[in-house]
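Trainee: Once you've had a glance at the structure underneath, I'll fire off some questions.
The values are calculated or read from the model by the stated rules, or taken from the named source; none is laboratory data. Because the structure is a prediction, the values reported are computed rather than measured. Neighbour counts run over all protein chains shown; Cβ positions are idealised from the backbone, glycine included. Note: areas computed on protein heavy atoms with side chains; ligands, DNA, RNA excluded. Shrake-Rupley method; radii C 1.70, N 1.55, O 1.52, S 1.80 Å.
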Amino acid sequence: MSSMSASVPASETMPDVSLFQLYLLRAAYLLLVVGLGLTVWPALFQHVPWAPTLCPWNGVGNSLLAALSLLAVLGLRYPLKMLPLLFFELTWKSIWLLGVALPMWTTHSQIDADVAQTIQACLMGIIFPIVIPWRYVFANFAHQAGDRWK
């Protein structure tokens, strides 16, 4: 027996996402695919050494970003179903900016070219909160009942 009400069609309870918003989402996914495709994938294919003694997480981070770019391809076809990918992108960039870049800036630490480039890339993530259809997100992720536990 289903817990969903048969009397109210789903189209009446779910906010509509305009075609324009869907194209904005697709543009955001395309930005991830192209941007990461131009920066992360060449390093993986060229087997650029990441000096594990200096920064052991570089290889892990680049692998994670490569996976993100592959999953973003799915966002081109399924922009609403892949919204959690944009949530992840927005979240990690916000955490890095607040937890790493901001303390470096407030303590007047040396910000080298690599850190400056990462700050710039993370600040480009400001487009994600703009293109995410928040009414749809709240209706589908916050207001709907979660999946069953048993």
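Trainee: If you scan the stretch 1-53, which residues turn out to be open to solvent by less than 90 Å² (accessible area, probe 1.4 Å), modelled with pLDDT under 55 and part of a loop (DSSP other than H, G, I, E, B)?
Mentor: The answer is 2, 5, 8, 9.
Trainee: Which of the residues spanning the stretch 115-130 are loosely packed, with under 10 Cβ neighbours inside 10 Å and over 22 Å from residue 21 (Cβ atoms)?
Mentor: Within the stretch 115-130, just 120 meets the criteria.
Trainee: So, of the residues in the stretch 64-105 that are more than 18 Å from the chain's Cα centre (by Cα) and open to solvent by less than 80 Å² (accessible area, probe 1.4 Å), which turns out to be farthest from residue 137 (Cα to Cα)?
Mentor: Step by step, filter the stretch 64-105, then rank; the result is 104.
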